[in-house]
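**Student:** Take a look at this one; I'll ask things after.
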Amino acid sequence: MSGEITFTKGHGTENDFVLVADPDGAWKPDADLVAAICDRRAGLGGDGLIRAVRTAADPDAAALAGQAEWFMDYRNSDGSIAEMCGNGVRVFAEFLSRNGYLTVEDGAWFPVATRAGLKRLRREPDGSWTADLGRWSLTGGAQALADGSDALVQVHGLDGVARPALSVDLGNPHTVVALPHAAELDAADLTRAPEVQPVPPHGTNVELVVPVDAIDVDGDGTSDIGDIAMRVHERGSGETRSCGTGACAAALATRAWAGEGAPGVWRVRVPGGRLVVTVGAGSSLSEGTVWLSGPAQLVATGTFTLPA
Ligand SMILES: N[C@@H](CCC[C@H](N)C(=O)O)C(=O)O
């Protein structure tokens, strides 16, 4: 590919992406080009770039070629590579389906290859998508669960006190900090990356979370659905209006802090909308499987002239 590329702009709860179909793996954008495309003033603008390439045509995904037709090559807006994107994979599925690259029947799962392995997706009758993100774990394991934290995070704009946090692995790294009040969530300055100790070897996405409510659906006096609000500073992209894997991490860490009997379904309110996180059957408080549900919208298609 040279000269110009055809792109689609899409978002999931306002986590926005530039999507490019590259079935044969002919386009090899370097980090500078990805950053130029994602630039909100001089480029198209986006929290990330997603290249849709046939699994067999990309060396990073070729091992999964027999198991999924398409590979989501995800790049952050600074050009760095990320293993996984929960909002992006739903938008990717919508993109493949709307452009005829895949025939998708409502309710039927289909596989997608990512750098974090195979994921399954399903379109819901209302047009939203559910992504089976597969395995997650508390990075610090049982000890982190017993201690309630395995990291300390200093969030700019607050009182300067380093706060306890839990690290969650969803294929990509997350560090979740609980704040006591919505006012603190609003006051946090996420124009600067929160400072995490010990420094994660591959960087981390940082989620700030506050409890909102808990919902007793069946009236038995226990909470069936957890309800939290979250803001996120994404590795490689800065503050975004949503993060799907981040929403899962926030729900899973909050569930771990709540302990046995905590809900298995969580509503996660983000600045760009709402997501639903469903903890897989048989998951413990420190590891298991997880599903993410939410919207995926395509908003524009056009051509972009590549810099000479
Ligand atoms: N916004 C995404 C996560 C994108 C990758 C992340 N910035 C990283 O570097 O791990 C999501 O919706 O999960």
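**Student:** Taking the inverse of the average 1/r across all pairs of different Cα atoms in segment 24-165, what Kirkwood radius in Å do you get?
**Tutor:** Kirkwood hydrodynamic radius for segment 24-165: 17.3 Å.
**Student:** If you average the C-alpha positions of segment 5-36 and of segment 199-276 separately, how far apart do those two centres end up, in angstrom?
**Tutor:** So the two Cα centres are separated by 27 Å.
**Student:** Where does the chain land at 222 nm, in deg cm²/dmol rounded to the nearest 500, when only DSSP H runs of n ≥ 4 count, each adding -39500 (n - 2.57), divided by all residues?
**Tutor:** Working: 5 runs with 49 residues, N = 308.
That calculation yields -4500 deg cm²/dmol at 222 nm.
**Student:** If you don't mind, another one. Figure the gain on full extension for residue 182 and residue 126 (residue separation times 0.36 nm, minus the Cα-Cα span) and round it to one decimal in nm.
**Tutor:** Computed gain between residue 182 and residue 126 is 17.1 nm.
**Student:** Which of 27, 291, 70 moves most in a GNM of the chain, Cα contacts under 10 Å?
**Tutor:** Maximum among the listed residues: 27.
**Student:** Still on this structure: How high is the FRET efficiency from residue 105 to residue 4, r the C-beta distance, R0 35 Å, rounded to 0.05?
**Tutor:** 0.55
**Student:** Test of understanding: in a Gaussian network model of the chain with alpha carbons linked when under 10 Å, which of 188, 146, 251 would top the mean-square fluctuation ranking?
**Tutor:** It is 146.
**Student:** A further question on this structure: For the chain, modelled as a Gaussian network with Cα springs under 10 Å, which listed residue fluctuates most, 81, 50, 37?
**Tutor:** Evaluated over the chain, the most mobile residue of the options is 81.
**Student:** Counting only C-alpha contacts under 8 Å and six or more residues apart, can you give the relative contact order of the chain as a whole percent? Walk me through the numbers before you get to the answer.
**Tutor:** Working: 770 pairs, mean separation 63.2, N = 308.
Value for the chain: 21 percent.
**Student:** What distance in nm separates the simple spin-label points at residue 217 and residue 60, each placed 7 Å from Cα in the Cβ direction?
**Tutor:** Those two pseudo-labels are separated by 3.7 nm.
**Student:** Work out the P(r) tail for segment 135-293: percent of alpha carbon pairs separated by more than 22 Å, whole number.
**Tutor:** 34 percent
**Student:** Shifting gears a bit: Would you mind ranking 260, 234, 239 so that the residue whose beta carbon has the fewest other beta carbons within 10 Å leads the list?
**Tutor:** With the sparsest Cβ surroundings first, the list reads 260, 239, 234.
**Student:** Å³ per residue of the Cα convex hull, for the chain?
**Tutor:** So the per-residue hull volume is 134 Å³.
**Student:** Could you list the GluC sites (Glu not before Pro) in segment 1-79 that lie in coil according to DSSP, counting only those with at most 16 other Cβ atoms within 10 Å of their Cβ?
**Tutor:** Counting only loop positions with at most 16 other Cβ atoms within 10 Å, the GluC sites (Glu not before Pro) in segment 1-79 are 14.
**Student:** With only alpha-carbon atoms counted, please give the Rg and Dmax of segment 224-280, in Å.
**Tutor:** Spelled out, the Cα radius of gyration and Dmax of segment 224-280 are 11.3, 36 Å.
**Student:** Rounded to two decimals, what is Rg over Rh for segment 106-145 when you use alpha-carbon atoms and the Kirkwood radius?
**Tutor:** Expressed as Rg/Rh, it is 1.17.
**Student:** Additional query: Can you tell me the 0 to 90 degree angle between the C-alpha axis of helix 86-98 and the longest principal axis of the chain, rounded to 10?
**Tutor:** The angle comes out at about 40 degrees.
Since every read-out is calculated from the coordinates, none of them should be taken as a lab result. Predicted, not measured: the structure shown is a model, and the values here were computed from it. All Cβ positions, even for glycine, are placed from backbone atoms using ideal geometry, and neighbour counts span all protein chains on display.
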